[in-house]
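Accompanying notes for the structure given below.
The values are calculated or read from the model by the stated rules, or taken from the named source; none is laboratory data. The structure presented is a predicted model; accordingly, all values stated were derived computationally and were not measured. Because the Cβ atoms are built from the backbone with ideal geometry, glycine has one as well, and the counts that use them run over all protein chains shown.
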Amino acid sequence: MYANFQCGRFELRFERPFVMGIVNVTPDSFSDGMQHYGAEQAIAHGLQLIKEGADILDIGGESTRPGAEPVSVDEELRRVIPVIKGLKDCGVPLSIDTFKPEVMQAALEAGADLINDIYALQQPGALEVVANHPNCGVCIMHMVGEPKTMQLSPPDYNGDVTRSVVDFLAQRVEVMQSLGIAPERIMLDPGFCFGKTVQQNYQLLANLSALKVLNKPILVGVSRKSMIGAVTRQEVANRMPGSVVAGIAGVERGAVVLRVHDVWQTKSAIDVWQAISLS
């Protein structure tokens, strides 16, 4: 198992899988757009997710669904900063789901503990923000292209998407550590449904244990995504069962954090899985 993970004000020990609850402060997220759009609704939703068993809250002010339109820095800050401030003392780490360095900086100042970046700190200035905050955690993700166009024509990855993901994340970890970002601050996300076909997503999930070679905590985010819908033929609102099963498959293969919409259902499944695995 991994060493303790430095996550802002918290030091996490992954003696069991953690649940990261999603708090979308966006009008156009693919799963729950408009449901929690507004600071008061988002704060209340975050507190409810903690009651349901969330170990971490992931707060996002810009949708990264396929085809999503970009959001300005000012608008993203307007959405997320009041939510971070309102949840700062909720008792669990707060993650900010952003790739903009300006938002990262403001979010950390407001009380965020973890940067969750789909661009893996490749935007100009992002590496420096994280390097200059020596206690914050960071989760870097594999993605090809950008959210607006990433699913239009995913690459073939020379027939081995898992190897491509491992190589990319290893390279980014090396860059981060060269700038003084400590190894115990880094988490990895293989990026399901970010520039990958349905078949590639399932190949990646089946071979997720290959990421263990990087010796970093692994986050899996498959909740209600298109890869679940493609197999179950269910609309977004009915993808919870498939999402939970896929999440547990990730845990079986080494994931220590599941990023989900359906917290108590996922937490219950993890509890049962753990009871079996410890028997």
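Please enumerate the residues belonging to region 117-143 that are within 17 Å of residue 5 (Cβ to Cβ) and assigned to a helix (DSSP H, G or I).
Scanning region 117-143 gives a single hit, 130.
Whether any residue in region 228-237 is in contact (Cβ under 8 Å) with a residue 40 or more places away in the chain and more than 29 Å from residue 148 (Cβ to Cβ) is what I want to check.
Scanning region 228-237 turns up no residue that is in contact (Cβ under 8 Å) with a residue 40 or more places away in the chain and more than 29 Å from residue 148 (Cβ to Cβ).
Kindly indicate which of 62, 102, 146 is under 24 Å from residue 191 (Cα atoms) and either touching a Pro at 6+ places or on another chain (Cβ under 8 Å) or touching a residue at least 60 places away in the same chain (Cβ under 8 Å) (or both).
Sole residue among the options that is under 24 Å from residue 191 (Cα atoms) and either touching a Pro at 6+ places or on another chain (Cβ under 8 Å) or touching a residue at least 60 places away in the same chain (Cβ under 8 Å) (or both): 62.
Please go through region 251-266 and pick out each residue that is among the small types (Gly, Ala, Ser) and either without any contact (Cβ under 8 Å) to a residue 40 or more places away in the chain or out of contact with any Gly (no Cβ under 9 Å at 6 or more places or on another chain) (or both).
The one that is among the small types (Gly, Ala, Ser) and either without any contact (Cβ under 8 Å) to a residue 40 or more places away in the chain or out of contact with any Gly (no Cβ under 9 Å at 6 or more places or on another chain) (or both): 254.
For region 124-134, name all the residues that are of a type outside the set (Gly, Ala, Ser) and crowded, with 16+ Cβ neighbours inside 10 Å.
127, 129, 130, 133
Could you list, in sequence order, the residues of region 101-116 that are outside any helix (DSSP H, G or I) and either surrounded by fewer than 24 Cβ atoms within 10 Å (Cβ to Cβ) or over 18 Å from the mean Cα position of the chain (by Cα) (or both)?
111
Between a first residue in region 67-82 that is at pLDDT below 95 and a second residue that is not basic (Lys, Arg), which pairs have beta carbons less than 7 Å apart while being 6 or more apart in sequence or on different chains?
Pairs found: 68/28; 68/147; 71/61; 71/62.
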